[in-house]
Amino acid sequence: MPLLSSLSSFLASTFLGCLLLMLLAAAMAAATVYETVAGSEAAMTAFYGSPWFAGLLALLGINLAAGLAGHRASPARRTAFLVTHASVIVVLLGAVMTWGWSIRGQITLAEGTSTDRLVVDQELLRVESETAVIAEVPLPAGASRARTVDLIPSGPPDGSGSRLSVARRLADSRTVERVLQDPASSRPALEVTLEHREESSSVWIFADEADSSGGLPVAYRRIDDQREMARLLGEDTTGPTSAGVLRVECDEQTVERAVEEYMSAAIPLGRSGRAVKVLRYLPHAVVGEDRQVADGGDGPANPAVEVEILGPDGPTRRWVFARFPEFDAMHGREERLPVRLRFIASPTTAPSTPIEILQGPDKRLFARFTTGTREVRIEPLAEGRMVPTPWPELRLGVTRSVEQARLETSIEEVRPPRPDPVPALRLSVTTPQGPREITVRKYAPEHLDIGPRHYRLVYTDRQVPLGFNVALRQFQVRTYPGSSRPRAFESRIAIADPIRGDQPEVVVSMNHPAEHGGYSFFQSGYGGGQDGRPFTSTLSVSWDPGRPVAFAGYLGMIAGMLIGLLRRQTLGSTASTEAASPADGRS
Amino acid sequence: MNRLICAVVVSLASGQPDGPAASEPVLLLDRCPEALRAVVVQHDGRWMPLDTLARDVVHGVTGTTRFQGRDPVLLLLAWTLESDRWRAAPLIRIASVELRRELGLPSDRLAFSFAELAGHQPLMKLAAEMERRQGPVRLNPLESKVNDIMERLETLHRVFAGEVIRPLPAGPDPQARWWTVDRPEQGQPRTPEAVTRAWDLLAAAFLSRDQAILDTAAGELKAALDALPAPFRPSERQMRIELLYNRLQPFRTGWIVLAVALLLWVVAAARPGRSADAAAMVASVGGFVVLTAGLAIRWRIAGRIPAANMYESLLFLAWGASLFVVLAAALRQNRFVSLTAALVGAVSLFLADVLPLDPFVRPIAPVLMDTVWMTIHVPGIMAAYAVLALAMLIAHAQMAVMALAPDRERLIAALAEAHLRYLRVGTLLLGAGIVTGSMWAASSWGRYWGWDPKEVWSLIAFLAYLTILHARLDHRLPPAGYLAAGAVLTLAVLAVVQGRLSEVEAARHWPFVAVPAVALFTVARGPFATAARSALAFWLVMMTYVGVNFVLGTGLHSYGFGTGAVARYLLGLGSADLLLVGALAGILAARRGVRAVLACPQQVLDPPARA
């Protein structure tokens, strides 16, 4: 079988060995460049941890083994040859053991706390039903390969069980909010843009809500009363000192007077025999947990009046809030009296945010700016036009509007990954109703409903029991004298082991790991320590049966090379080997 | 930097801009009292004589220790005591024309004053923008230069504010920050009367340029400070050693001595003779002694092995090479060996001196602290680099002789033999260095291999040297079947890698580098090819040594930072070397045919003819 024999001699050839070394070197060089662009995790997935890279290393192992089996080195060089090359195989074996069996993880402890579990560097997807954990799917490091879980193992009679599979892992993700047109919704929303010099930021605001994510809080208020709108716009002034107007509706009669008038005397309500008096006006009313209204200060954030209704059934007191006309109804108070009260606070007393977008009954938009000195400025708005604000270099505009809006949150990939990435899993769900896609961010469980069934999807790290308890007694950052430069990070830990007994306290610091039960504990990070908070210390933990094997291989390799070198020295001149030892040629 | 921007904004806002740049020389006294030099201060996380502080500050701001030939201590004192005058003095050198243009600075001047730069809107705007950015962002070359200028300004700002000289012991914690004499901070006790008096006298003498009173005041100040109780203070002897180190500058002396030794070895090689050899030997031993003493003193000052950053590792490289010169000469090796070793030593020490590397003893990161591995790993790796550098030099010599004097076969054979010996030793040392590095990583990070860029590049260089040592064992081209299978494998790997790299703009041309390199290392045969491979492989070592930190700039090993200039030197030198090797190959091919370059000589393929 000439083909087989030439294949085996090719596998054992020095030529293949050299080629493999160079291909590995070239691929690794490419990987380091790739890493600067795409990040370490991506380099691990695309290169060092990829199947083809492992294949090249395996081929190198085969080449070494075949070379050893069919070696034809001269007896003088045999020892060095055998020891060196066998040791490299041992190193590769150690690497395989580390890859296959080692456990690496972290424990993060605050001072004074302890744990008996290890958070392993192994991600998993856990599928929980209401009652039980259905599946825990381990995800290989940086995996992109699909993993499938049967959500309903015993599916409906037609055999269409729902299945869940991992479509893709996103190295870093962020949530993105989008506002969509949805006929089912009745809430309008505006996109408000703030521009400061060359920078601009936009934010969607739903009606009757406020948002401050752009820096300055912006509120969007719909006003359905034309007169209140006119007041807010400063077109109708009831007098500069008035706190506002109280409108009272009773038996189809409406009385509307300035608050101050109700305060000086009870105002009769036509022929009803009732009268209304304002007892107190609070520019900023605060409702406590006991439902008592208290004075929250001068800031005109939540103006309210306390009203006393006098009449045949005796006096009744009620709070009326300008900004919450439906307060009583909202809080389930029964409407005992046929009296409706509405407090319209005057414009100068009502701003709750420095910027309000007002929309009157005629749908026209206005911006109402209130500066720190309580000066008010009104600017009419038109979609797409930026208007000046009272603040220097700050401009504002409504850039888009949606009449029937719905907020949709989605998860997007961030490329390249940020320094502290939040990975996410894109999952595809196959249900009898059709396929669906769902994205789960790490440590942020998502809910999934399929028909009547309810599931919880958790993307997290695997945890394993250590078999003993590790407590962090104290963490310390030692600095260089007179500076804040760290000199050492030290964690004093105590290990309580039910089998081997309690261990004396040890200090773990950089370069000084602690060992227990086959695990090694290394100082790897810390947090806290400011404002009186306790320090937290992160120890990386490893259990690696491959390490001693690889180290033995290291020693053998160096020893073999050393033997070879010394032998050559004693054997004399070597430059002629380029000529004199063709026997080595095919080893 | 933040504080500086604030200070500048305040000074601009209060309508008191600093005066225009004035470049008239400011007179100084001509002699610094020794007592003043020896005053113990706390700075940069350790205690040191004022002399070291002054050198550090003056070097940090102006880029040279002896700015305009002035004594650094006097200069530091002048900046502190006469800050108003020095604010307008052109102290900060911005050598790059592009940078001056980019920042809108006058192109006809090299040096600029604190006032000019701190009031320069484009610079401050850029710095403020960089300040605003969050997180660990990689700076582009312009930004890293702006950063460098801002650091100089910040240092000067603190000097002008009188915050840098801290000779007053604080307690009771021995690690506590020491105080300044006349800029009391919160919680600082009253400065003892004797110290204040001596300090004021010193300042008065300095300002009135009275040398005699200055000498007296310096002595009084030192005595008053030494008399203060301190929870910790370095010994008098320790300070004397550091002053000695500062004065002798052993590493500058070292490269001069080694350069002399190099010249003498050249003479000895050209005109062999007992006296030439002896002179070269004396100079070599002298260089070795100076270097060893320098390293020992630096070790003593730092309290740890001086092997923590690029500057210190270059010192070890030079030390290893100078040891090799002495050993080779003592063992009566070829003079050429001593010559090349002296060249490696002199060049690496020269580079340490002239490259923009930080020569001061600094606190080191916790991962380097307190471990025996640094003592084993760094010198081992440096020894490997030194030997491989020798191999590279000899490979060049071998290629040059083969191309220019192909008939001198005995010389070529001798060079090839020496080259091979260096390759073997260097590869072994490099392997040992990687192994010890891996063990160090296991003990500090919990894993023995983590695909960190430095680890990866050291392995790349090692694999390349292993390939050199193995490829020369085959004398003939592999059979066509092997070549075909190899080509398929190469193309497969290439396709996979190129697929991954498609999104990396900088790596578009990767196959045009990778394929010829793989082909040269695996298919080419013969002594010239071996030498060419060795010359090129050394650039992989250089990439590991400096490129990972300066070109890639990522990974756990980037403790030391440098400037873009280093990457440019590297690329320039590498390209020049590639051209040189190509030219020599071309000359040889023209004279003896392509086979002479890429294949084994005929008699080698025919063993009986040689036997």
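Odds and ends about this structure:
- Rounded to whole Hz, the Karplus (6.51, -1.76, 1.60) HN-Hα couplings of the stretch B:293-309, x for glycine and proline: 5, x, 5, 4, 5, 4, 4, 5, 5, 6, x, 7, 5, x, 9, 9, 9
- Loop-resident GluC sites (Glu not before Pro) (DSSP state other than H, G, I, E or B) in the stretch A:59-134 with no more than 11 further Cβ atoms inside 10 Å of their Cβ: A:Glu130.
- Partner shielding of B:470-477 amounts to 6, given as the average count of beta-carbon atoms from other chains within 10 Å of each residue beta-carbon.
- Degrees separating the helix B:564-592 axis from the principal Cα axis of chain B, which is the longest one: 20 degrees
- Accessible area expressed per residue, the stretch B:225-281, with surrounding protein chains retained (probe 1.4 Å, Å²): 58 Å²
- Calculated FRET efficiency for the pair A:Leu93/B:Arg410, C-beta based, R₀ 41 Å, to 0.05: 0.30
- Computed log₁₀ I(q)/I(0) - Debye formula, equal Cα scatterers, no solvent, the stretch B:259-402, q 0.12, 0.13, 0.14 Å⁻¹: -0.51, -0.59, -0.67
- Ellipticity estimate at 222 nm from DSSP helix runs (n ≥ 4, -39,500 (n - 2.57)) divided over the protein assembly as shown, nearest 500: -14500 deg cm²/dmol
- Rounded to the nearest 10 degrees, the inclination of helix B:310-330 to the longest alpha-carbon principal axis of chain B is 50 degrees.
- Of the DSSP H helices in chain A, those whose Cα atoms cover at least 18 Å axially and whose Kyte score averages -1.0 or more: A:14-38, A:51-69, A:75-101, A:546-571
- Positive-end ranking of B:Met399, A:Gln523, A:Ile411 along the dipole of the protein assembly as shown, with charges on Cβ about the Cα centre, is headed by B:Met399.
- Taken per residue, the accessible surface of chain A reaches 50 Å², heavy atoms only and a 1.4 Å probe.
- Buried accessible area, chains A and B (both chains, 1.4 Å probe, Å² to nearest 100): 7400 Å²
- Only Lys, Arg, Asp and Glu carry charge here, each on its Cβ (+1 for the first two, -1 for the last two); on that basis the protein assembly as shown has a dipole of about 5020 debye about its Cα centre.
- Per-residue SASA entry for A:Arg317, accessible area with 1.4 Å probe, Å² rounded to 10: 150 Å²
- Using alpha-carbon coordinates, inclination of helix B:121-132 to the longest axis of chain B, degrees: 80 degrees
- Straight-distance crosslink candidates among lysines, where the alpha carbon sits under 26 Å from B:Lys125 and sequence neighbours closer than 8 are dropped: B:Lys145
- Hydrodynamic radius of chain A per Kirkwood, over alpha carbon pairs, in Å: 32.3 Å
- Gain upon complete extension [A:Ile499, A:Arg257; 0.36 nm per residue less C-alpha separation]: 78.8 nm
- In Hz, Karplus ³J(HN,Hα) per residue of the stretch B:143-154 (6.51, -1.76, 1.60; θ = phi - 60°; x = Gly, Pro): 5, 5, 6, 4, 4, 4, 5, 5, 5, 5, 4, 4
- For the protein assembly as shown, alpha-carbon Rg relative to the globular expectation (2.2 N^0.38 Å, N residues): 1.20
- Considering only trypsin sites (Lys or Arg not before Pro) in DSSP loops that have at most 12 other Cβ atoms within 10 Å, the longest stretch of chain B without any of them is B:333-475.
- Shielding by partners for peptide A:35-45, expressed as the average number of C-beta atoms from other protein chains within 10 Å of each residue's C-beta, is 4.
- For the pair B:Ala278 and A:Ser6, a Förster radius of 60 Å applied to the C-beta separation gives a FRET efficiency near 0.50, rounded to the nearest 0.05.
- Chain B: mean projected area of Cα convex hull, nm²: 33.9 nm²
- Ellipsoid semi-axes in whole angstrom, largest first, where each is sqrt(5λ) of the Cα gyration tensor of the stretch A:392-505: 45, 31, 12
- The calculated P(r) of the stretch B:234-311, using every Cα pair and 10 Å bins from 0, goes 19, 37, 25, 15, 4, 0 in percent.
- Percent carbon-and-sulfur accessible area, chain B, ignoring ligands, DNA and RNA, probe 1.4 Å: 63 percent
- Rounded if a/c under 1.5, otherwise prolate or oblate - the stretch B:174-238, Cα gyration tensor axes: oblate
- Normalised per residue, the volume of the convex hull around the Cα set of the stretch B:140-248 (Å³): 177 Å³
- Length released on extending from B:Val372 to B:Glu34, taking residue separation times 0.36 nm less the Cα-Cα span: 117.9 nm
- Inter-chain Cβ neighbour count for A:479-491, averaged per residue, equals 6 (cutoff 10 Å, partner chain atoms only).
The values are calculated or read from the model by the stated rules, or taken from the named source; none is laboratory data. Keep in mind that what you see is a predicted model, and the values were worked out from it rather than measured. Using ideal geometry, Cβ is built from the backbone for each residue, glycine included, and neighbour counts are taken over all protein chains shown. To get the accessible areas, we keep the full protein, side chains included, count just its heavy atoms, and leave off ligands, DNA and RNA. Shrake-Rupley method; radii C 1.70, N 1.55, O 1.52, S 1.80 Å.
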